[in-house]
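Student: Take this structure first; my questions come after.
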Amino acid sequence: MRSKIVKRSTILLVCISIMISMLFSININANALTQSEMISKISAKYAQNTWLGKATTNYTYLGGGMFGHYERGSIYIGNNIYIKTSF
């Protein structure tokens, strides 16, 4: 019984450490976009997807990427551009 608890604890600690490393990882990329370039790309993507509605917040910079939040979803730019809808 004790060995099962130790194994589960070890697995849990490994999972937590992986999640923390992913959360605080820094994108060191010589080809990384500047914040103004990311805003420009988000604006261009929004122009193609105005159905997202009005902006609800300012742009949010997050570890090598940036979010634009709208009434019906968000646009994220990092290495790729993603649109996540809220419905």
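Student: I'd like to know if segment 61-84 contains one or more residues that are in contact with an Asp or Glu (Cβ under 8 Å, 6 or more places away or on another chain) and not aromatic (Phe, Trp, Tyr). If you could, list the steps in order and put the result at the bottom.
Tutor: Within segment 61-84, the first condition is being in contact with an Asp or Glu (Cβ under 8 Å, 6 or more places away or on another chain), and the residues that meet it are none.
Checked segment 61-84: no residue is in contact with an Asp or Glu (Cβ under 8 Å, 6 or more places away or on another chain) and not aromatic (Phe, Trp, Tyr).
Student: When segment 29-78 is examined, which residues are found to be surrounded by fewer than 12 Cβ atoms within 10 Å (Cβ to Cβ) and in contact (Cβ under 8 Å) with a residue 24 or more places away in the chain?
Tutor: Selection gives Asn29, Gln35.
Student: Next question, about the same structure. Which numbered condition in (1) farther than 15 Å from Lys84 by Cα; (2) at pLDDT 90 or above is the only one that Leu33 fails?
Tutor: The one condition Leu33 does not meet is (2).
Student: May I pose another question? Filtering segment 38-87 down to residues that are assigned to a helix (DSSP H, G or I) and among the small types (Gly, Ala, Ser), which residue is farthest from the chain's Cα centre (by Cα)? Walk me through it before giving the result.
Tutor: We begin by selecting, within segment 38-87, every residue assigned to a helix (DSSP H, G or I); these are 38-48, 50-52.
So of that shortlist, the ones also among the small types (Gly, Ala, Ser) come out as 40, 43-44, 47.
Details: Ser40: 17, Ser43: 17, Ala44: 18, Ala47: 21 Å.
Out of the qualifying residues, it is Ala47.
The values are calculated or read from the model by the stated rules, or taken from the named source; none is laboratory data. The structure presented is a predicted model; accordingly, all values stated were derived computationally and were not measured. Positions of Cβ are backbone-derived with ideal geometry, glycine not excepted, and every protein chain shown enters the neighbour counts.
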